[in-house]
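Engineer: Structure below; questions to follow.
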Amino acid sequence: MSDAAAREDAVPQREAAPRREAAASARDAAVCDRLFCLTLGWEYVPEFVSLEGGSRAVLREPVIAIVARSPIGWVLLETGIDARRFRGGASPLYRDGAPEFPTDGDPLLDALASVGLAPGDLALAAVSHLHIDHAGGLRHLAAAGVEVAIQRRELAFGLERAGEPEFYLREDYSHPELRWRQLDGDAPIAPGIDAISTPGHAPGHMSYRVTMAESGTWIFAIDAIDLGRGIAEDRCIGWAADPADDPLRRRSHDRLVALAAAEDARLVPGHCPETWPALAHAEGFR
Ligand SMILES: [Zn+2]
């Protein structure tokens, strides 16, 4: 080795330690360090809604939310069902049985409390789409003044076109105090949390990428892929709120499967009775 080459080798070695530290702190700034998978209830859904080509057999599916601690603070993803509307029994919106809830109290408030949080502790929230089983807790975020990220297209569809036939209840998301942060497609939500645009099931549906300090990358499909069987059997979700979006169900499914493979990420379906319970334990993830 020439002297010059030796010097070139030596210089980076002397600078390597501080550079490594700088890289590590940049990385730390863009990851979450705690994550809890919360179960806000269970709903009865025919298999063909969750799985293309599915049967009329009724599945008992979890209603989920995630809360992750980003460098900006705790971020809530999804808000569940407004239990007050459905405790009375069957409803035209849930023909196969009334939803069930883990407690007699409010599902979102009780789930947050189970991990020591209240809406006022949240730095930010997001909602993947405005279906009844995702938008029901938005009123708590309105009351606490928490900003909520949503796709612009989804909010417009919800406010201008959708109603009960599409499984939307405008009372869930039309509170004037709601502070929306409208996104257009793929976008960062917070350091360590990104929106992945996955339209199809709903016109402005989004999924989430959460990058964790220790457990790596998680992709929460939410309703772009409902069930573990959807991944295992390569079957996309079975129903679109707007029939014009039908072809996008397959495109978004394929996109998430490819992203998860490319990023070596854990891909979490949004309503899976088989895979969700294992994630919803009290210790959470780091
Ligand atoms: Zn859903």
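Computed from the coordinates by the stated procedures, all read-outs in this text should not be read as laboratory data. This one's a predicted model, so the numbers in the text were calculated from it and none came from an experiment. Backbone-built Cβ (ideal geometry, glycine too); neighbour counts: all protein chains shown.
Engineer: Can you tally the net charge around ALA262? Count Lys and Arg as +1, Asp and Glu as -1, for every other residue whose Cβ sits under 13 Å from the Cβ of ALA262.
Structural biologist: Net charge in that neighbourhood comes out at -1.
Engineer: I would also like to ask the following. State the Cα centre-to-centre distance between the stretch 240-263 and the stretch 147-196 in whole Å.
Structural biologist: Distance between centres, Cα-based: 19 Å.
Engineer: Let me ask something else about it. For a quick check: with amide H placed at 1.01 Å from N, whose amide H comes under 5 Å from ARG179's, ignoring anything fewer than 5 positions away on the same chain?
Structural biologist: So ARG179 has HN proximity to VAL148.
Engineer: Sort MET206, MET212 so the one with the fewest other Cβ atoms within 10 Å of its own Cβ comes first.
Structural biologist: MET212, MET206
Engineer: For the ranges 218-229, 140-151, what's the packing order if you count other beta-carbon atoms within 10 Å of each residue, average per peptide, and put the highest first?
Structural biologist: Listed from highest to lowest mean packing, they are 218-229, 140-151.
Engineer: Hey, what do the phi angles of the stretch 189-195 turn into as Karplus ³J(HN,Hα) couplings, whole Hz, using 6.51/-1.76/1.60 and θ = phi - 60°, x for Gly and Pro?
Structural biologist: 9, 7, x, x, 9, 10, 8
Engineer: Here's a follow-up. Can you bin the stretch 28-99 into rounded, prolate or oblate? Criterion: square roots of the alpha carbon gyration tensor eigenvalues sorted a ≥ b ≥ c, rounded for a/c under 1.5, prolate for a/b above b/c, oblate for the rest.
Structural biologist: Note, shape of the stretch 28-99 comes out oblate.
Engineer: What ³J(HN,Hα) values, in whole Hz, does the Karplus curve 6.51 cos²θ - 1.76 cosθ + 1.60 give for the stretch 255-270 when θ = phi - 60°, with x put for Gly and Pro?
Structural biologist: Result, rounded to whole Hz: 4, 5, 4, 5, 4, 4, 5, 5, 9, 6, 9, 7, 9, 10, x, x.
Engineer: Could you give me the radius of gyration and the Dmax of the chain, taking only the C-alpha atoms into account and expressing both in angstrom?
Structural biologist: Taking only Cα atoms of the chain, I get Rg and Dmax of 20.7, 83 Å.
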